[in-house]
Each structure stands twice: as C-alpha cells, then as structure tokens.
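Take a look at the structure below.
The values are calculated or read from the model by the stated rules, or taken from the named source; none is laboratory data. Remember, it's a predicted structure, so these values are computed and weren't measured experimentally. Positions of Cβ are generated from backbone atoms using ideal geometry, with glycine treated the same way; all protein chains shown enter the neighbour counts. Accessible surface is based on the protein model in full, side chains and every heavy atom, while ligands, DNA and RNA are left aside. Shrake-Rupley method; radii C 1.70, N 1.55, O 1.52, S 1.80 Å.
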Amino acid sequence: MSRRYDPERRQRIIDAALRVVGRAGIAGLSHRTVAAEADVPLGSTTYHFASLDELLIAALRQANEGFADVVRKSGALADPACDIAAELARITGEWLAGDRTGVELEYELYLAALRRPALRPVAAEWCGAVVEPLAERIDPVTARALAALLDGICLQVLLTDAVYDEEYARQALARLIPPAVG
C-alpha cells in the first residue's frame, strides 16, 4: 500500500507521540520512537515536526482537551443555581476516575513546560481553557484560584496515589467562592 498521499499522517504522528509519552514518558520521545509507533518513515516525523518541541506542542494541545473539555461541557456550571464547588468537585472526580493514563499524560505534558519554555504558551492555554468557562459565572481572579486549587488537588492525587476525596475538594473549592455566587 502506497502512503505517498496521506492526509492523516500528521495526526497519526501526534497520536503516536501521545502513546509513546504515555508509555515511556517524555524521556522516551524521539522522532525515531514516534516514527516506529506511527508506522511512518522517520523523515515524515521531521517533515511535519522539525523539532521535538514542535511535536510536544502539538501533543500538548491535543492532550489539553481532557479536563478543560470536561469543564466546558458541564452544563450545570452555566446554571445560576448550580453549586459551583460541588460541580467542580464532582467533575474532577469523574475525570480522575476515567482514563488514568490519559490524565497522567495530560499532566506530564503540562509539567514539561517547566523545562521546555516552548511549551509554556500551550500550558497557559490549558489554564485559560479551564478558567474561561468558570469566569462566566465568577470573577476572573476567583476562577484562576479555583483552577490552581484543582491543579494542586489533582497533582496530589496523581503523585501520591491517594484516593480522590470529593467532599474535601468541594469544601476547599467552596472556601474560595464568594457566598453570593457559590
């Protein structure tokens, strides 16, 4: 089968990069490992992504769709009668209980921005994508504080193998939300 014209190749390379990072971490990512995973010639990975940072940026953008998408799709948050803290605690629990590899991958790519400055704008996009739907209900400073608290809770759960405590998360989140909004 000829793969000369392969309009899906770029996406297959991104998907392969996500699988490689999910399996071997960022340290295991190279053009060669991604090419093998995607079943494409090595030159295809370097054609579409001149550097590993370019490939990581594309992978991070795709992985960013995880938690931010869950927050965006929560119709309850748009309801003025919604208990924001309870809803955020609930959807965070559902997200953490879902595909653990995907959650870990999203955070690994997000935290890679610590050592790879090229990833920082994409990490900021991730934060913005979580804050944006919250800022429709509460002030932007509180929305950012809620996102930061959720980051901390999620990292603690992921790094310590602790069981997510929805009630603890609800109480902690509620402390940041002004009473007239919550």
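Counting other Cβ atoms within 10 Å, keep those with at most 10, restrict to DSSP loop, and tell me which chymotrypsin sites (Phe, Trp or Tyr not before Pro) in the stretch 1-87 are left. Intermediate values should be presented prior to the final figure.
Details: sites: Tyr5, Tyr47, Phe49, Phe67; in loops: Tyr5, Phe49.
Counting only loop positions with at most 10 other Cβ atoms within 10 Å, the chymotrypsin sites (Phe, Trp or Tyr not before Pro) in the stretch 1-87 are Tyr5.
On the chain, 55 percent of the accessible area sits on carbon and sulfur atoms, based on a 1.4 Å probe. From largest to smallest, the equivalent ellipsoid semi-axes obtained for the stretch 18-93 from the alpha-carbon gyration tensor read 37, 12, 9 Å. Taking trypsin sites (Lys or Arg not before Pro) as exposed when DSSP calls them loop and at most 12 other C-beta atoms lie within 10 angstrom, the chain has its longest site-free stretch at 5-114. Think of the stretch 67-117 as a dipole: +1 on every Lys or Arg Cβ, -1 on every Asp or Glu Cβ, centred on the Cα centre; then among Gly102, Ala76, Leu88, Gly102 lies furthest on the positive end. Per the Debye calculation on the chain with a single equal scatterer at every Cα and no solvent contribution, log₁₀ I(q)/I(0) for q = 0.18 Å⁻¹ amounts to -1.10.
Computed from Cα atoms alone, the Kirkwood hydrodynamic radius reported for the stretch 114-182 is 13.3 Å. Among the GluC sites (Glu not before Pro) found in the stretch 130-182, those both in a DSSP coil and sparsely packed, with 14 or fewer other Cβ atoms within 10 Å of their Cβ, are Glu136. Helical runs assigned H by DSSP (4 residues or longer) give the chain a calculated mean residue ellipticity at 222 nm of -21500 deg cm²/dmol, each run adding -39500 (n - 2.57) before division by the residue total. The GluC sites (Glu not before Pro) of the stretch 15-112 include none that DSSP puts in a loop with a beta carbon having at most 11 other beta carbons within 10 Å. Cα centroids of the stretch 110-182 and the stretch 67-89: 13 Å apart.
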